[in-house]
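Take a look at the structure below.
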Amino acid sequence: MLDGFISSDLFDIGGYSSLAPFGCITETSGVLDGAGIAGFGPAPPDDHDGPPPLPPVFQSLANVSGDHGSIGTPVPRPRFAFLTGNTTAELQLGGIDPEAIASPLVAVTSLDSHTYSIPVSAMSVGGKDIIKFATPSTSSVAAGSSDGKGMIPGILDSGTTCICLPDSTRGGQLTSSPWEEMQSLVDLQAPLLIQVDGGPTIRVPENIWKNGVWHVDGCLSRNCPNDRIVLGDWIFQSWAVVFEWYPPPSLPGIMLAPRNERYELKGPDDQDDFATATVVGGGVRRHGVIKRVPLLDDQRLTFLVPVRIGRPPQPFNLVFDTGSSFFGVKTHPLMHKQEKQFAAMAKSKASAKIALQKKADAEGHVVTGVSSKSKEDIAEETGFHLSSAVARHGHNNGPPWWAGLIVALIGISFFGLALGMMIWRRRMQRGGGGKPAGSFVVGSRIT
């Protein structure tokens, strides 16, 4: 559970930038790694009882909707790839390095518009099935079929450490719990095979999945959302996954290919960008630069992507998450800062009141209606009053009486002088000299 407020500013990832709203997180009720979250997933479904969700990060960064405007430098083609290693990870914006894959990409359409979800029709280790359907189908069930009995949605989530399997029969669709079946096979020396319905068979090498099982706490997790499979870090270590966005309400595209084992991911200090020619909608051909953004490995639990926000830019290392579209950074509550300022002002004011009161006591002034024993307590609780200051100046806190008399005499003298001048000028006019009658206005001024 997160709490905070919404802000908007220019943000930058790997040299591409955009103006986008984001959440300023002031309170969390759980664990939140890094300085916040950069969710690269599609937008969640609208909650009619709550506020509308923020636009997804990548929708803004790649100008998917086409209404980005002239601010920033959006990703030229709405594609990004995610690859991980044993100690590092890499985000590629605008496409994928051809050297990173061992064979051509295979396209798989996502099962829904709110997640990167692929149909998983089989899973096994050493010829032992992990997924056992109650009614085996004679052929693969096509993605998006009406019955869906021969597949389970598998969510591609960079925020999952290893894999999450349902610990149920999914309402009778299966004969046993996939999580329990996997637990019984962890000692086998064989790769993990995941069959994508209508697509490739993903091969997770033995050293990758067994290393996760034996060295990462909670690597085989259960209680998956909606009893679906969540495919995490094992997939991204074994295969290259490319995500492509299209204008809403189109489904996102997913492309898979086995990784080139000789391909080296770049570290935090390495940058290797390159230009490729791409064909975009309408047959317009343009060159797009694929940015390789090294990610930080946070103890093999999450990967942090460097994001710069604002002008001048401030750096943040945010959790890279393809299972969410939320974009938010941790910040201090604004009210906390104001409360500190008000507390400092109140303290300063209280000190001034006490000092004034002590000075009045030392000079022997009497505060009307207040005993000398309780003056400091009342001044502290109710605020400073003027009774002591009035006592210093004869109870009127003004100038002496004779100063007012002098000011009055000066005013009468100027009035008499002005009146005499007016009478003299009128007499001069009647005698034929000077300006015509009525042309002189006493006290007039042109500015």
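Here is the link list: K210/K266; K210/K330; K128/K266. Which ones come out longer than 27 Å on Cα distance?
Check vs 27 Å cut-off fails for K210/K330; K128/K266.
Which order results if M255, M422 are arranged by neighbouring Cβ count within 10 Å, fewest first? Intermediate values should be presented prior to the final figure.
Values: M255 19, M422 12.
With the fewest neighbours first, M255, M422 line up as M422, M255.
Throughout, read-outs are computed from the coordinates displayed, never taken from laboratory work. What you see is a predicted model; the values in this text were computed from it and never measured. Here the Cβ is made from the backbone with ideal geometry for all residues, glycine too, and neighbour counts use every protein chain on show.
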